[in-house]
Amino acid sequence: MKPTTTLSRRQALKGTLGLSLAAREVASVIEARAATSTAGPSTLVAYFSRTGNTRLIATQIARACGARLFRIEPREAYPEDYEEQVEQAEDERRRGLLPPLQASVSDFDAFDTVYLGIPIWGTTALSVVRSFLRTHDISGKTLVPFITHGGYGLGNSLAVVAEHVPGARLLDAFSKQCDQEFQTLREVTEWLQAAGTGR
Ligand SMILES: Cc1cc2nc3c(=O)[nH]c(=O)nc-3n(C[C@H](O)[C@H](O)[C@H](O)COP(=O)(O)O)c2cc1C
């Protein structure tokens, strides 16, 4: 009987030790999770948007993923006027210009997944989004493009993105045809002309 009792004590002691080890492991997992949740989201949704189509998708992704939103802006604001914008975009594209950004993501290392919102300009990914890819090191991260266009498709935008992020894990893009400014502007012009007020 005695050896059995001794064994039982040992087993009980071992059991207690095992339990406290398991409890400590659980505690450290809880602490690690707490640390992660106070550290903020690990997903970033970066996007450019002139008329709101791409922004709408960006905000929905951010809400669904608990991600941080970052609006890509050129240091020198783009023109308000549509025709001026088309000219400037064409000039940037032709000359391969990369406009400097108004701001970059200072804690970019903290993110492991980046959703990138790109409107199509001149059948490609607009220059300021290329500037974003040039100034942030995406290697080792997962990149998910989402692209809006006005009906002429994605052009060479996916190839342009791939070319800028050789070290990233590039996932399939979401894309959507959205309203184009020029269609709205044309309807307004027609309406003004019909009313005899347009030029
Ligand atoms: C300067 C400029 C150039 C554009 N070029 C194209 C184009 O080549 N092909 C196309 O399908 N849509 C083109 N669009 C339409 C936009 O891609 C489309 O409206 C997009 O959804 C705009 O996104 P945003 O509202 O987030 O700015 C162009 C728009 C602008 C302002």
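The values are calculated or read from the model by the stated rules, or taken from the named source; none is laboratory data. For clarity, every value in this text was computed on a predicted model and none was experimentally measured. No Cβ is skipped: glycine too gets one built from the backbone with ideal geometry, and neighbour counts run over all protein chains shown.
Miscellaneous remarks
Per-residue answers, yes or no, for (1) of a type outside the set (Lys, Arg); (2) in contact with a Leu (Cβ under 8 Å, 6 or more places away or on another chain); (3) within 14 Å of Val160 (Cα to Cα):
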| position | (1), (2), (3) |
| --- | --- |
| Ile61 | yes, no, no |
| Glu87 | yes, no, no |
| Arg94 | no, no, no |
| Asp112 | yes, no, no |
| Ala125 | yes, no, yes |
| His136 | yes, no, no |
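- Within the set Thr197, Thr124, the sole residue that is within 19 Å of the chain's Cα centre (by Cα) and either over 20 Å from Asp109 (Cα atoms) or hydroxyl-bearing (Ser, Thr, Tyr) (or both) turns out to be Thr124.
- The residue that is nearest to Gly140 (Cα to Cα), counting only those in the range 64-110 that are acidic (Asp, Glu) and surrounded by 14 or more Cβ atoms within 10 Å (Cβ to Cβ), is Glu73.
- Residue in the range 52-66 that is within 11 Å of the ligand (Cβ to nearest atom), modelled with pLDDT of 95 or more and of a type in the set (D, E, K, R) present: yes
- With respect to (1) near the ligand (Cβ under 10 Å from one of its atoms); (2) assigned to a loop (DSSP other than H, G, I, E, B), the lone exception for Glu84 is condition (2).
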